[in-house]
Each structure stands twice: as C-alpha cells, then as structure tokens.
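Notes follow once the structure below has been shown.
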Amino acid sequence: IVQLLNRYFSAMTDIIFAHGGTLDKYLGDGLMALFGAPTTTPQDAGNALNAAVAMQRRIISINEELKAEGFPEIGVGIGLHTGEVIVGYIGSERRSEYTAIGDTVNTASRLESNARGGEILISDATAKAARGRNKLVTREPIMVKNREQPVVLWEVDWQKSSGALPTNQSPSG
C-alpha cells in the first residue's frame, strides 16, 4: 500500500507542479492542491482543470502498470471549485502548515466526495472561469453543507476533451 501511494502521489504531484499548482497536503489516500495561491492569475481555473484531466489520464497508465504487476486497478474522483480562500500558516506554536480554508475549500471537498473513480466534477464557478476548455456534461445540482443554495455541477468529459480547444458545451461567463 505504501509503495502504491508513493507511486500515485509522485505522479499526481508532478502533474500539479507542471500545471502551476501548489500541493497543499496529502489526506490519507487523497491530496489537496491549490491553484492561484498565493498569487492569482486568470488562468488558475484552466490550469486546475487541465491538471485534473492530466491526472485522470495518468491514472490509466498507472492502472496498466498495476495490472501488469498483478494488482487491482485504482479509481480517483476529483472535485474542483473556484473562489476566494484564506491562505496562511495555520496551526499551533509547535506545528503549523501553509493551507487554505473557507467555503471554497469546503465546497471543493464536497464535490470531490461526490465524484466516483474516473470522474472530474466541477462547480459552475470553475466552469465559467476555465472558459470552455473541455466538454462538460450537466449534472444534477447538489446540496452542500453550510450552503442554502444547491451547487450547480458539471462533469468533465475528459476522455473527449482536448483540454486546450474551446467547445460550445460549457457555460458562458
């Protein structure tokens, strides 16, 4: 398990860094990345989405390697949300970590927990900020803890998406 997690985390971390992201933390068998912290750019949502697509594509080759070694395949669900966060060193005097907190982080976490293996779920805010870079499929909005309105949800059809060419399938904004 440790070798599998290290292989997986190494591959995903390389993808995050290659797309301009910051690795926030490893969370058990998952991870949290930030795009646009500490400095934001108009490309942050697009970079995050391109990283998510690259991650799902890399999982395919990891699964081929695992199968060849006699191990079961893995599935990864990804959730992305765009918005303002509070970043900084949070913790105690003895131990603190640079991290992000706030509604945006919580919403992204809820999207991730609703994503099945192989899925990339994004909020409407991310879809609009990424500016139509991938083919999107409408999903039923979901209720998220501490929010009165449901979150408008899109699934990225990453197997049909180039990750670079605009399509007319996504929301305008």
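Looking at segment 1-42, which of the residues that are of a type in the set (V, I, T) and in a loop (DSSP other than H, G, I, E, B) is least open to solvent (accessible area, probe 1.4 Å)? Selected residue: T41.
In the set E73, E97, only one residue is acidic (D, E) and either outside any strand (DSSP E or B) or buried (at least 21 other Cβ atoms within 10 Å of the Cβ) (or both); that residue is E73. Scanning segment 76-89 for residues that are modelled with pLDDT of 95 or more, outside any loop (DSSP other than H, G, I, E, B) and over 10 Å from the mean Cα position of the chain (by Cα) turns up nothing. What do you reckon, is L27 under 22 Å from G91 (Cα atoms) and touching a strand residue (DSSP E or B) at 6+ places or on another chain (Cβ under 8 Å)? So L27 does not fit the description; no.
Kindly evaluate I122 against the criterion of being assigned to a strand (DSSP E or B), open to solvent by less than 20 Å² (accessible area, probe 1.4 Å) and either in contact with a strand residue (DSSP E or B) (Cβ under 8 Å, 6 or more places away or on another chain) or acidic (D, E) (or both). Yes; evaluated as a whole, the condition is true for this residue. Being under 22 Å from Q43 (Cα atoms) and modelled with pLDDT of 95 or more is a description that does not apply to L136. Of everything in segment 4-53 that is charged (D, E, K, R) and without any contact (Cβ under 8 Å) to a residue 40 or more places away in the chain, the residue that is farthest from E97 (Cα to Cα) is D14. The residue that is most open to solvent (accessible area, probe 1.4 Å), counting only those in segment 139-153 that are over 11 Å from L121 (Cβ atoms) and of a type in the set (K, R), is K145. When residues in segment 43-53 are screened for being in a helix (DSSP H, G or I) and either among the basic types (K, R) or open to solvent by 30 Å² or more (accessible area, probe 1.4 Å) (or both), 1 of them pass.
The values are calculated or read from the model by the stated rules, or taken from the named source; none is laboratory data. For clarity, every value in this text was computed on a predicted model and none was experimentally measured. Cβ coordinates were reconstructed from backbone atoms using ideal geometry, including for glycine residues, and neighbour counts include every protein chain displayed. We work out accessible area using only protein heavy atoms, side chains counted, and drop any ligands, DNA or RNA first. Shrake-Rupley method; radii C 1.70, N 1.55, O 1.52, S 1.80 Å.
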